[in-house]
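The values are calculated or read from the model by the stated rules, or taken from the named source; none is laboratory data. Everything quoted here is computed from the prediction, not taken from an experiment. A quick note on method: Cβ atoms are made from the backbone with ideal geometry, for glycine too, and the neighbour counts reach across all protein chains shown.
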Amino acid sequence: CLTLSKEGARSISDQRQVAEIFNNLGCLYYSFGNIEKSGKFFMESFEAQQIALEHSMYAGARFSCHSATLNLAVTKANMGFLALVARHHEVAVDALEYAVHNQQLLLRDAHRTLMATMDHLVVAQLFSGSKDKAVRLLRRMYHMQSDAFGPTDTRSLATHKKLMLLEEAETSSVVSSNTNSNDNMAASSAMDSATGEPNDSGKKQSTPKSNNILKLFKSMTRK
């Protein structure tokens, strides 16, 4: 039935409705825990929305093109979120960067949808090892929310807390690295007797902080 609906959708409105159905089914299957089917429906939705966007470029009103582009970005964000949950971090980064790029052109100020997508991109960058990009994106989000809602707004404060946690961990990592370097220079004989590898005591000290960060950001993927 869905296949027939997709094939029979000729107008922009029809394509948009079919895409919405597929997107909703993707969300539904995700809530059931069926990641594979959820991903398939998100992909079907994305493809239908691409067709709607192509049609709106030549036949639709300005609002139709705007709406089609935004819907495309939202579904791409869903696909990125799904990849993040499945721990396909590089795929998640690509999808979420695409979504943020388009959403920030279409949504004003610190729109809730844009902030949610940027939040997930922060998580994807963090888990893919790009902590610097995660920090920079969080800093940008904080400024956007502060400008839109004020620095004491709960949304701004929540972002600021995550930013401070990441920056503190980054500083601790640098300090720990420098300390280990000095310790290793002063105790080269100890290194020689231990297979030539640096002492990992600094890593052990920084682990609890790192784990706290991962727990905080990992919890965001369950929202």
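E47 meets the conditions (1) closer than 14 Å to F22 by Cβ; (2) touching a helix residue (DSSP H, G or I) at 6+ places or on another chain (Cβ under 7 Å); (3) not basic (K, R) in every case but one. The failed one is (2). Highlighted here are the helices (runs of 4 or more DSSP H) found entirely within segment 90-206 that include at least 2 residues which are at pLDDT 95 or above: 112-127, 131-149, 154-186. Among the residues making up segment 57-83, a single one is crowded, with 23+ Cβ neighbours inside 10 Å and of a type in the set (S, T, Y): T75. Residues considered: L138, L163. Of these, the only one that is aliphatic (A, V, I, L, M), surrounded by fewer than 21 Cβ atoms within 10 Å (Cβ to Cβ) and over 12 Å from A77 (Cβ atoms) is L163.
Which residue out of D119, D147 is of a type outside the set (A, V, I, L, M), within 12 Å of the chain's Cα centre (by Cα) and outside the structural domain of E54 (by TED's automatic domain parsing)?
That would be D119, the only listed residue that is of a type outside the set (A, V, I, L, M), within 12 Å of the chain's Cα centre (by Cα) and outside the structural domain of E54 (by TED's automatic domain parsing).
Taking each residue of segment 84-96 that is over 22 Å from N71 (Cα atoms) and looking for partners that are assigned to a helix (DSSP H, G or I) with beta-carbon atoms closer than 7 Å, six or more apart or interchain, yields A86/I35; H89/A124; H89/F127.
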